[in-house]
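Before any comments, here is the structure.
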Amino acid sequence: MKVAITSTGKELSSNLDPRFGRAPYFIIVDPETMAFEVVENAQNINLPQGAGIQAGKTIADHDVDVLITGHCGPKAFKVLQNAGVKILTGVGGKVADAIEQYKKGELDLAGEADVEGHWV
Amino acid sequence: MIISIASGKGGTGKTTVATNLAVSLGSEVQLLDCDVEEPNAHLFIHPVFDLTETVTTPVPEVDMDKCTLCGKCGDICQFKAIVVVGETVLPFEELCHSCGGCMAVCPEDAITEKGREWGIIQKGHRNGIEFIHGKLRVGEAMSPPLIKKVLSYTDPARLTIVDAPPGTSCPVIESMKNADFVLLVTEPTPFGLHDLKLAVGAVNILDIPCGLVINRSDLGDEKVKEYADQENLPILMEIPFDRQIAEAYSRGDMVVDVMPQWKEKFLELYEKIKALVEH
């Protein structure tokens, strides 16, 4: 089981980044052991377009089962959905707290993209 | 000869001037409405359209029976418009710049081109005036390629009047850059003057002769005239703030139909432009 959280830093104590496509890091955690790896998303931060698509691919390529983030746009949502990744949106605070909330079943599954696509 | 009718600020009267000038001059003219994001000249010209052309751009279509999910298409795409994820390939047509890279690198020949509709061109006529406009599909981000398509109908045998979009960005430059003369329509307000200066800056870079029409000229202040003096910009016509003109506009009527004395003034305007171009 792999859970990915969009993060502003490289630790479980870092703050969750509410953006999906342009979050600097993804922290991928095994919620049972709390073992985690940090995946950099730096290459996407300055893309003029398609950051969400590329971030979605990164998540899919790491065989992630669940993504916890703040917001998810339509193109990223489509990529993640096609990869069979469950998306939990509307989450903030510390990465570790988000995982605890997830384990208690307190987070909501996103039914659709919650923000519009954006252009530069 | 091509006359582009532009303005920095929107709503100054470009379409009023373009349509009335075209109708005053009659059948020698073609009118191209290049404001493809919200064309409105047809509301006054009431043309009969006899040709509608769908404009498409090529985007990739993937044959999943041939695809081996190698991912080369996604690697070469500079616009993240195609991505291999899980057991499928997702093209994002609205991000595609139609370069054909994905098709060229696919080792399985699984990618072919299909046309994505992104606007239409309509051609029609009224009283011998040829009328062409483009309509961009709602939601599209880029209009200059469709504007180019509208301008490709330019007939060198006729006098071409181009109704440009407002502003000073790419769509406006596209609509002005091949013109022999740019007629800038402005109004004597601080906003009118501010945006006029930007438009004059753009026209100067393109090095095209230009002149002004001041609309609602008896409102506001004298600052537009002072600016025109200082920049040596000829004021070729002034249109007062007149209830009859506003009423005609609101009904989709032509000023020259409702107030025939204006036809003479628009013909005079054309003579002044001709003199400046031939000068």
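The values are calculated or read from the model by the stated rules, or taken from the named source; none is laboratory data. Quantities reported herein were computed from a predicted structural model and do not represent experimental measurements. Here the Cβ positions follow ideal geometry from the backbone for every residue, glycine too, while neighbour counts run over all protein chains shown. When the accessible area is computed, the model is the full protein with side chains, heavy atoms only, and any ligands, DNA or RNA have been set aside. Shrake-Rupley method; radii C 1.70, N 1.55, O 1.52, S 1.80 Å.
What the table shows:
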read-out	value
Residue match in segment B:192-199 (condition: within 26 Å of B:Glu130 (Cα to Cα) and in contact (Cβ under 8 Å) with a residue 60 or more places away in the chain)	no
Any pair with Cβ under 7 angstrom, 6 or more apart, that starts in segment B:225-250 at a residue that is under 22 Å from B:Trp262 (Cβ atoms) and ends at one that is open to solvent by 70 Å² or more (accessible area, probe 1.4 Å)	B:Leu236/B:Lys272; B:Met237/B:Lys265; B:Pro240/B:Asp218; B:Phe241/B:Asp218; B:Phe241/B:Leu219
Count - residues of segment A:21-60 that are touching a strand residue (DSSP E or B) at 6+ places or on another chain (Cβ under 9 Å) and on the phi > 0 side of the Ramachandran plot	1
Residue tally, condition hydroxyl-bearing (Ser, Thr, Tyr), within 14 Å of another protein chain (Cβ to nearest Cβ) and over 11 Å from the mean Cα position of the chain (by Cα), over segment A:17-62	0
Any hit, segment B:217-234, residues being surrounded by 14 or more Cβ atoms within 10 Å (Cβ to Cβ) and within 26 Å of B:His42 (Cβ to Cβ)	no
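Listed here are the residues, each with its yes/no results for (1) more than 15 Å from B:Lys9 (Cβ to Cβ); (2) of a type in the set (Gly, Ala, Ser); (3) out of contact with any Lys or Arg (no Cβ under 7 Å at 6 or more places or on another chain).
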position: B:Leu184; (1), (2), (3): no, no, yes
position: B:Gly192; (1), (2), (3): no, yes, no
position: B:Asp195; (1), (2), (3): no, no, no
position: B:Ala199; (1), (2), (3): no, yes, yes
position: B:Cys210; (1), (2), (3): yes, no, yes
position: B:Lys223; (1), (2), (3): no, no, yes
position: B:Gln230; (1), (2), (3): yes, no, yes
position: B:Leu236; (1), (2), (3): yes, no, no
position: B:Asp242; (1), (2), (3): yes, no, yes
